[in-house]
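The block underneath contains the structure these notes are about, expressed in C-alpha cells.
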C-alpha cells in the first residue's frame, strides 16, 4: 500500500456559521445584479407632527393628513388608531404603488461594510447577550449552578424526560403568547447544563428551546410581534382565526414532544445514536467546568442566587408582554439582578470582574453572527430587490381558485421567510399587498395571515438569515446535522398548516 493511500483521510467538517453567512452574502450581492430593482411607496406615521409620511425612493417625502380617509384613498385597509396608538411603527407597503427602478447592484466591496453596518444595527441584541453571559459567568463562579444541577439530577432520576417536556410546554406558551425568538438565547446557558446532567445531548437542548418556542410562535394566538401586527396590517382583528391557531398550537406542540421523546428514548438506549455524537466532547466542554463533577452543597445562599436568576427571566417575559420592553430594557433588568447576585456571591471584586468578562466573552461569536445575518438583509434592501420579489409573488397568486390560492400563499411565504426573516418586518411589508388578494377569491383575510405565519416559520427553522445559526453556534451543532434533525418537524408544520388552511377555505369561502 502506498504511503499516500495509507494516510488517514481527514474527516469532513461542515462549514461553520460564519462561512455559511459569508457565502450567502456573496449570493445576495449576485442577486442584486440579476433581480430587477423596484420599490413600493412606504407609509409611516409621524408621531410629532401627527401626519402620514409617504416615502418614495429617490423623491422627497410627502405628507398627508392622518385620517381614515387618507388610508382609504391609499387603499390601506388598516384602522387609523393602529398608527396613532403606535401599534404599527414600521413602514407599510402601499398597495398598487410598485414601480421598477434603475438597477442598484451591490459590489464585492460592499460586503465588508454591510457586515459592519449589520453588526452596528444589532448592537442592542449584542449588549443583551453580553450582559446575560456576564451574569451567568458570575453565577457559575459561585457554584450555584453545579449544586442545583446535582440536586435536580438526584430528584429526577428515572423521569428525566419530564423536565424536557415541561420546558417544551413553557417555551411553546412563550412563543404563542409573546413570540420568544432572540430572547430564547437567554435560556440556553441555564437549561443546557440541566439537560447535560440528565444525560441528554445538544439536539435535545435545541429541540426543547428553539424548536418548541418556534412551533409556538408559528401558531401564535396573541403574539404581538407576529399575528397581532400581521392582522393589523391586513386590516382585521387578531382574534379572527384564533381557534384554528390554537388547535394548531396543541397539535404542533404535541408533535414536538413526541418527536423529542422518540429521540430521547433512542439516545438513552444507545448514546452513539446522537446526531451530534462526534461533537459531544466540544459541546460538553462549552457548558461544563472542572467543578461540575464535584459534589457541592446546595446551600441557602446558592438557592437564593438561583431564585434571583429565575425571577430575572420571569421579569423579562412580563416586561416584553405588558411593559413594551425591548433589548435595552431586558439587558438593564438582567444587569440589575446581576448586581444583587454579585453582592450575595461572597466573591472578591477581581473574581466578580473576571467571571463577568469571561462569561460575556464566550458569547462573542454568537453576537457577531446576529450582526452578520443583518448584513445579508441590508444588501437585499439596498439593492432594492426585496420589494421586487414581493411584487412578483403577489402577481403569481392573484386570481387563482381559493384552495390553490391559499396553498400558493403558503409557498410564497416560505420563500419570503428567507428574504425577510423578521416576523414583524415581513408582516408590514407583505400584508397590505397580500391580504387584499384574499378579497378577490372570496376568502377571509385571516386565512392569509395564517398562511403567512405557517409558511414563514417553516422556513425560519432553516433560514441562515434568522436565528438558526445563532442557536447552532451556541450549541456547537453543524448545520447539516441540524437539517437531518429538523426536517420531520418542518414536514409536520406544513402538513398541519395545509390541512387547517384548506379547512378554513372550505368553511369560509364565498
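The values are calculated or read from the model by the stated rules, or taken from the named source; none is laboratory data. Note that the structure is a prediction, hence the values are computed from the model and not measured. No Cβ is skipped: glycine too gets one built from the backbone with ideal geometry, and neighbour counts run over all protein chains shown.
What to note about this one:
- Scoring residue 392 on the criteria (1) within 19 Å of residue 28 (Cα to Cα); (2) modelled with pLDDT under 85; (3) out of contact with any helix residue (DSSP H, G or I) (no Cβ under 7 Å at 6 or more places or on another chain) leaves a single failure, condition (2).
- Some residue of segment 88-108 being closer than 12 Å to residue 378 by Cα and in contact (Cβ under 8 Å) with a residue 40 or more places away in the chain: yes
- Number of positions in segment 50-86 that are assigned to a loop (DSSP other than H, G, I, E, B) and under 18 Å from residue 429 (Cα atoms): 9
- Checklist (1) under 27 Å from residue 57 (Cα atoms); (2) at pLDDT 80 or above; (3) surrounded by fewer than 22 Cβ atoms within 10 Å (Cβ to Cβ); (4) out of contact with any strand residue (DSSP E or B) (no Cβ under 8 Å at 6 or more places or on another chain) applied to residue 377, failing item: (2)
- Members of segment 225-235 found to be over 17 Å from the mean Cα position of the chain (by Cα) and either buried (at least 22 other Cβ atoms within 10 Å of the Cβ) or at pLDDT 85 or above (or both), listed by number: 231, 232, 233, 234
- Residue count, segment 316-336 (criterion: farther than 12 Å from residue 128 by Cα and surrounded by fewer than 18 Cβ atoms within 10 Å (Cβ to Cβ)): 7
- Picking from residues in segment 322-346 that are assigned to a loop (DSSP other than H, G, I, E, B) and touching a helix residue (DSSP H, G or I) at 6+ places or on another chain (Cβ under 8 Å), the one that is farthest from residue 125 (Cα to Cα) is 346.
- Scanning segment 468-488 for residues that are without any contact (Cβ under 8 Å) to a residue 40 or more places away in the chain and outside any helix (DSSP H, G or I) yields a count of 0.
This table checks each residue for (1) at pLDDT 85 or above; (2) assigned to a helix (DSSP H, G or I); (3) out of contact with any strand residue (DSSP E or B) (no Cβ under 9 Å at 6 or more places or on another chain).
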residue: 411; (1), (2), (3): yes, yes, yes
residue: 414; (1), (2), (3): yes, yes, yes
residue: 426; (1), (2), (3): no, yes, yes
residue: 429; (1), (2), (3): no, yes, no
residue: 434; (1), (2), (3): yes, yes, yes
residue: 439; (1), (2), (3): no, yes, yes
residue: 447; (1), (2), (3): yes, yes, yes
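- In segment 74-87, the residue that is nearest to residue 323 (Cα to Cα) out of those that are surrounded by 18 or more Cβ atoms within 10 Å (Cβ to Cβ) and either in contact (Cβ under 8 Å) with a residue 60 or more places away in the chain or over 29 Å from the mean Cα position of the chain (by Cα) (or both) is 82.
- Residue match in segment 396-417 (condition: surrounded by fewer than 24 Cβ atoms within 10 Å (Cβ to Cβ) and within 21 Å of residue 118 (Cβ to Cβ)): yes
- Residue count for segment 272-285, restricted to those that are surrounded by 18 or more Cβ atoms within 10 Å (Cβ to Cβ) and at pLDDT below 80: 2
- Those residues of segment 161-179 which are free of Cβ contacts under 8 Å to residues at least 60 places away in the same chain and either within 14 Å of the chain's Cα centre (by Cα) or farther than 20 Å from residue 144 by Cα (or both), in sequence order: 162, 166, 167, 170, 171, 173, 175
- All conditions but one from (1) in a helix (DSSP H, G or I); (2) surrounded by fewer than 20 Cβ atoms within 10 Å (Cβ to Cβ); (3) at pLDDT below 85 apply to residue 251; the one that does not is (3).
- In the set (1) closer than 17 Å to residue 488 by Cβ; (2) over 17 Å from the mean Cα position of the chain (by Cα); (3) buried (at least 24 other Cβ atoms within 10 Å of the Cβ), the condition left unmet by residue 192 is number (1).
- Number of the exception - residue 496 against (1) surrounded by 20 or more Cβ atoms within 10 Å (Cβ to Cβ); (2) farther than 17 Å from residue 423 by Cβ; (3) at pLDDT below 90: (3)
- Hits in segment 433-456 (condition: surrounded by 24 or more Cβ atoms within 10 Å (Cβ to Cβ) and closer than 21 Å to residue 88 by Cα): 434, 435, 446, 447, 448, 449, 450, 451, 452, 453, 456
- Residues (over 20 Å from residue 436 (Cβ atoms) and either without any contact (Cβ under 8 Å) to a residue 40 or more places away in the chain or more than 30 Å from the chain's Cα centre (by Cα) (or both)) located in segment 38-55: 46, 47, 48, 49, 50, 51, 53, 55
- Only one of 206, 243, 227, 185 that is out of contact with any helix residue (DSSP H, G or I) (no Cβ under 9 Å at 6 or more places or on another chain) and assigned to a helix (DSSP H, G or I): 243
- Screening segment 212-224 for residues that are modelled with pLDDT of 85 or more and assigned to a helix (DSSP H, G or I) and picking the one that is farthest from residue 430 (Cα to Cα) gives 212.
Residues checked against (1) surrounded by fewer than 20 Cβ atoms within 10 Å (Cβ to Cβ); (2) touching a helix residue (DSSP H, G or I) at 6+ places or on another chain (Cβ under 8 Å); (3) over 16 Å from residue 376 (Cβ atoms):
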site: 115; (1), (2), (3): no, yes, no
site: 118; (1), (2), (3): no, yes, no
site: 121; (1), (2), (3): yes, yes, no
site: 124; (1), (2), (3): yes, yes, yes
site: 127; (1), (2), (3): yes, yes, yes
site: 132; (1), (2), (3): no, yes, yes
site: 137; (1), (2), (3): no, yes, yes
site: 140; (1), (2), (3): no, yes, yes
site: 147; (1), (2), (3): no, yes, yes
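- Of everything in segment 499-510 that is part of a helix (DSSP H, G or I) and crowded, with 17+ Cβ neighbours inside 10 Å, the residue that is farthest from the chain's Cα centre (by Cα) is 505.
- Filter result for residue 366 (at pLDDT below 75 and either touching a helix residue (DSSP H, G or I) at 6+ places or on another chain (Cβ under 7 Å) or more than 22 Å from residue 471 (Cβ to Cβ) (or both)): yes
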